[in-house]
1. For the range B:90-132 and the range A:78-106, what is the separation of their Cα centres, given in Å?
2. Please give me, ordered by residue number, the GluC sites (Glu not before Pro) of the range A:1-80 that lie in loop per DSSP and have at most 15 other Cβ atoms within 10 Å.
3. Just round it to a whole percent: the fraction of Cα-Cα distances in the range B:7-73 exceeding 16 Å.
4. Whose amide H sits under 5 Å from the amide H of B:Lys51, counting only residues 5 or more places off or on another chain, with H placed in the peptide plane?
5. How long are the semi-axes of the ellipsoid equivalent to the range B:185-235, from square roots of 5 times the Cα gyration tensor eigenvalues, in whole Å, largest first?
6. Cα centroid distance between the range A:18-51 and the range B:149-166, in Å?
7. Label points 7 Å out from Cα along the Cβ direction at A:Met292 and B:Thr177: separation in nm?
8. Run the dipole for chain B about the Cα centre, Lys and Arg Cβ at +1, Asp and Glu Cβ at -1, nothing else charged, and hand back the magnitude in debye, nearest 20.
Amino acid sequence: MAEHFVHPPHWEAYIVTYFFAAGLAGGCYVLATLLSLTGYPEDREPARLGFLVPFPLVLLCALVLTLDLGRPWLFWHMLVNATPGAGGLNFKYWSPMSVGAWALLLFGVFSFVSFLGALPWARRPGPLAGTAGRAWMIAGALLGLYIASYTGVLLSVSNQPVWSDTWTLGGLFLASGLSGSAALLAWLVRRRAAAGSPATSWQRLLTADGYFALIELLFIVLFFVSVGFAGTLGVAVRGAWLVAWILVLASLVPALAELGGRRGLVHAGSGPLLVLAGVLLMRIAVVISAQM
Amino acid sequence: MFTDTSICIGCKACEVACKEWNQLPGNEPEYRNDSFDNTGELDAQNWRHVKFIDRVPEAPMTTGNGQAWLLMSDICKHCQHASCMEVCPTNAIIRTEFDTVYIQPDVCNGCRDCIAACPYGAIGFNPKDGLAHKCTFCYDRLQANMPPACAKACPTQSITFGPLRELHKKADERVATLRAQGYDQAQLYGRDASVYGGLNAFFLLMAEPEVYGLPNARNAVLPRRNNRGGYLGVLVSAALAMVAGIVALRRRGSDTLQDTTPGEGS
């Protein structure tokens with residue numbers, strides 16, 4: 001059984017917001033890339049919407065991460081070694097926070113360029129068309145996968161109860177981020193569809209959401225099993241946190257119902273919002289419960 | 001530094017000396033209803049903390065076998081393999097010329113990753129200055145060839161400072177003496193490399209480490225151990241998700257536009 005005598009780092013609202021926004025930013029970029037690569041003409045508009053989402057979220061990520069620091073004006077110390085006489089850049093491949101700082105910076109560049117290309121008044125075809133454009137999108141999508149997932153690994157690379165007792169958080173955050181992104185994009189596309197745009201893509205996005213929710217469910221089960229073996233399951237689900245996890249599981253129902261052909265649950269309109277609420281609540285449950 | 005808990009009397013002179021030398025004002029007083037401990041824990045204001053562990057037995061004991069209290073003056077262990085140093089993204093945490101672990105206050109930006117990593121809870125965050133703080137081993141005193149304030153103040157010489165080799169020898173002799181006297185649980189913690197490669201602040205304990213709130217050798221593990229498993233989980237999730245995403249987004253169901261032609265790049 002794992003025993004922990006650590007103090008909590010008090011990563012709270014800012015960090016939860018970051019984990020939520022990073023999951024959606026990375027996930028939306030990945031899905032926009034997939035939509036771009038399908039080759040279906042009706043997916044162009046959904047892909048464009050997908051590329052509009054990540055950059056504003058990356059700005060939000062940078063803002064909340066900076067505000068969470070004890071000395072926000074020293075945020076650049078994440079990248080540059082300020083030790084007197086040392087100089088150079090900071091990069092520790094074994095520290096997810098160090099790698100994540102660089103990944104977020106790079107993803108910011110990719111998402112910014114893609115954002116510019118997706119603006120309504122941008123020239124068509126833009127600089128992201130053709131082979132070079134596809135390579136750019138794929139590179140950005142790989143960074144998006146990392147941004148959406150490394151936050152879970154960051155929690156695990158610690159000595160905190162629950163977080164360090166499981167290997168599942170990175171995979172769980174990724175599946176959850178993709179699920180939330182699919183729901184968000186489906187909702188955005190559906191709004192455009194109502195305005196007269198083709199209504200084909202959002203239904204496939206909801207199907208993708210169903211698959212992602214299934215993967216998320218798998219990782220939630222693995223999470224409970226792994227912390228159960230470590231002896232810290234009681235910390236994760238004590239008191240109101242058990243209710244939170246039940247609500248997280250409930251939030252998967254609309255997306256999973258999509259796979260079962262029960263489209264009515266999602267078509268009701270509140271399905272995507274429920275999915276997004278679940279994405280946020282899951283991160284709150286993981287991050288806060290272990291620190292109490 | 002060697003702390004022999006068997007001769008600690010809980011006077012807290014070490015706590016006072018630490019606060020005085022390092023100009024730590026301390027936290028607001030609060031009633032803890034917890035034996036004689038009015039400090040609580042190591043944090044940004046308390047770099048030394050005398051633990052009072054109540055071991056008063058429920059049943060009457062025979063003469064010489066009673067054990068009322070375990071006392072331990074706790075401190076940052078200045079580990080050879082330091083979890084805090086390992087994760088610090090700014091490289092604010094360095095190893096000094098004295099082999100101690102030191103947080104550079106002008107480099108730290110208060111991300112608190114070190115607090116999540118330290119298995120001993122030895123690091124605290126001070127919201128007033130936005131920095132992580134812990135014992136410096138009185139770095140300034142060491143530079144002036146003086147012992148740390150706690151070791152200087154300890155009236156029973158429970159806390160001793162000096163070259164590690166000499167302290168190891170002293171500790172080995174002391175634990176051998178205690179065991180010869182019948183204290184079977186007397187043991188050294190951090191004397192060898194089994195705990196974080198060895199501790200520059202090591203202890204003689206009178207019970208198992210867990211009783212004192214210290215991880216045993218099996219649980220004394222570095223944060224980076226979870227990188228491999230964590231990223232493997234990400235890879236599995238990413239692979240499943242990409243297959244699922246491609247299947248879902250390329251599939252054209254009955255409710256999609258059947259008359260559009262695939263293959264046109266966007």
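1. One Cα centre to the other: 16 Å.
2. Filter output for the range A:1-80: A:Glu12.
3. Percentage above 16 Å: 54.
4. Amide H neighbours of B:Lys51, under 5 Å, 5+ apart: B:Met72, B:Ser73, B:Asp74.
5. For the range B:185-235, the ellipsoid semi-axes come out as 29, 12, 7 Å.
6. Rounded to whole Å, the Cα centres lie 62 Å apart.
7. Placing both labels 7 Å beyond Cα along the Cβ direction yields 5.0 nm.
8. The calculation lands at about 560 debye.
No lab work stands behind these numbers, since they all come straight from the coordinates. This structure is a prediction, so every number in the text was calculated from the model and none was measured. In this analysis, Cβ positions are derived from the backbone assuming ideal geometry, glycine residues included, and neighbour counts consider all displayed protein chains.
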